[in-house]
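Q: Below is the structure I would like to discuss, written out as structure tokens.
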Amino acid sequence: MIFSTLEHILTHISFSIVSIVITIHLITFLVDEIVKLYDSSEKGIIVTFFCITGLLVTRWISSGHFPLSDLYESLIFLSWSFSLIHIIPYFKKNVLILSKITGPSAIFTQGFATSGILTEIHQSGILVPVLQSEWLIMHVSTMILGYAALLCGSLLSVALLVITFRKNRKLFYKSNGFLNESFFLGENVLENTSFFSAKNYYRSQLIQQLDYWSYRVISLGFTFLTIGILSGAVWANEAWGSYWNWDPKETWAFITWIVFAIYLHTRTHRNLRGANSAIVASIGFLIIWICYFGVNLLGIGLHSYGSFPSTFN
């Protein structure tokens with residue numbers, strides 16, 4: 001009873017903080033960035049991280065098993081993973097771009113998980129026999145950590161594509177206007193050129209940073225995903241007598257692995273880096289959500305215990 005009450009309190013606190021942080025992010029997005037508001041949102045995410053940590057620990061103690069047995073618990077852990085990536089000092093001190101992605105990701109994941117949509121499976125129950133294994137922590141935690149890192153890296157690639165597309169479009173329009181002006185007003189050529197190159201240099205630097213951090217984060221996520229798939233195969237052999245059963249979840253996890261393997265392969269070719277590899281990562285972003293979330297809509301296969309309430313039975 002005490003643990004249930006504590007879990008209920010932590011859930012509402014984290015959701016309240018998430019709602020406030022979302023509002024602050026919208027304000028700083030629509031208006032010029034206000035330092036004090038931005039600092040408040042950063043502190044809010046840190047507080048949310050500790051609330052989620054407390055929620056997971058409380059649920060672990062009350063249920064007697066690691067809280068990764070259903071969709072609600074995996075969403076909470078995914079939000080915790082985003083928050084962890086967000087507050088790691090190494091990322092925090094070296095790159096602000098990554099925090100722009102991980103912050104909102106943690107906020108909206110936590111908001112969805114605690115919004116009441118998944119109320120029917122909030123209560124922790126007895127594990128189904130197949131989940132009563134020591135492989136639960138190893139397999140599911142590494143998979144979700146991999147999803148979190150891959151989603152963050154993919155979002156950085158999406159941002160790279162957006163900026164690249166806008167840059168190329170503006171270059172096209174400005175170059176046409178520049179040619180027309182230089183034809184009639186030759187004395188303005190040097191002035192237009194200096195303005196043009198300064199703005200272009202800033203965008204080029206931003207694109208390079210996005211490309212660099214996207215590759216680093218996706219590489220980390222790919223490592224976790226590989227470990228998760230291999231540990232899942234060993235667990236499947238123990239539980240079902242086969243390393244691979246072509247279950248919908250397994251199939252889409254394999255497709256996800258292939259897509260990001262292709263991404264990492266494109267990174268080995270200098271001509272395919274940047275926008276070309278970012279396109280592959282953007283496709284991977286959609287594939288991850290199909291694997292993690294979309295398959296649960298079906299509620300079929302050996303992983304049906306992670307489905308939505310309507311199909312949970």
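The values are calculated or read from the model by the stated rules, or taken from the named source; none is laboratory data. Source: prediction; values computed, not measured. Here the Cβ is made from the backbone with ideal geometry for all residues, glycine too, and neighbour counts use every protein chain on show. The area values use the complete protein model at the heavy-atom level, side chains included, leaving out ligands, DNA and RNA. Shrake-Rupley method; radii C 1.70, N 1.55, O 1.52, S 1.80 Å.
Q: Between Val162 and Ser133, what is the FRET efficiency for a Förster distance of 45 Å, r being their Cβ-Cβ separation, to the nearest 0.05?
A: 0.55
Q: Please compute the net charge surrounding Leu264, taking Lys and Arg as +1 and Asp and Glu as -1 over other residues with Cβ under 15 Å from its Cβ.
A: Once all neighbours under 15 Å are counted, the net charge is +3.
Q: A further question follows. Report the full-extension gain for the segment Ser219 to Ala239: residue separation times 0.36 nm, less the Cα-Cα distance, to one decimal in nm. Write down the numbers at each step before the final one.
A: Details: separation 20, 0.36 × 20 = 7.20 nm, distance 3.00 nm.
Computed gain between Ser219 and Ala239 is 4.2 nm.
Q: Taking the full set of protein chains and a 1.4 angstrom probe, give the accessible area of Leu131 in square angstrom, rounded to the nearest 10.
A: Only protein atoms counted, so the area is about 10 Å².
Q: What net charge is computed for the residues neighbouring Trp235, neighbours being all others with C-beta under 15 Å from the C-beta of Trp235, Lys and Arg scored +1, Asp and Glu -1? List each step's numbers first, then the result.
A: On the way: positive: Lys249; negative: Glu134, Glu238, Asp247, Glu250.
Local charge sum for Trp235: -3.
Q: Then there is this: Between Ala261 and Phe112, what's the calculated FRET efficiency when r is the beta-carbon distance and R0 is 35 Å? Round to 0.05.
A: For Ala261 and Phe112, the calculated efficiency is 0.75.
Q: Could you work out how much longer the chain between Thr251 and Ile61 gets when fully extended? Use 0.36 nm per residue separation minus the Cα distance between them, nm to one decimal. Provide the component values of the computation, followed by the final result.
A: Numbers: separation 190, 0.36 × 190 = 68.40 nm, distance 3.32 nm.
Extra length available between Thr251 and Ile61 comes to 65.1 nm.
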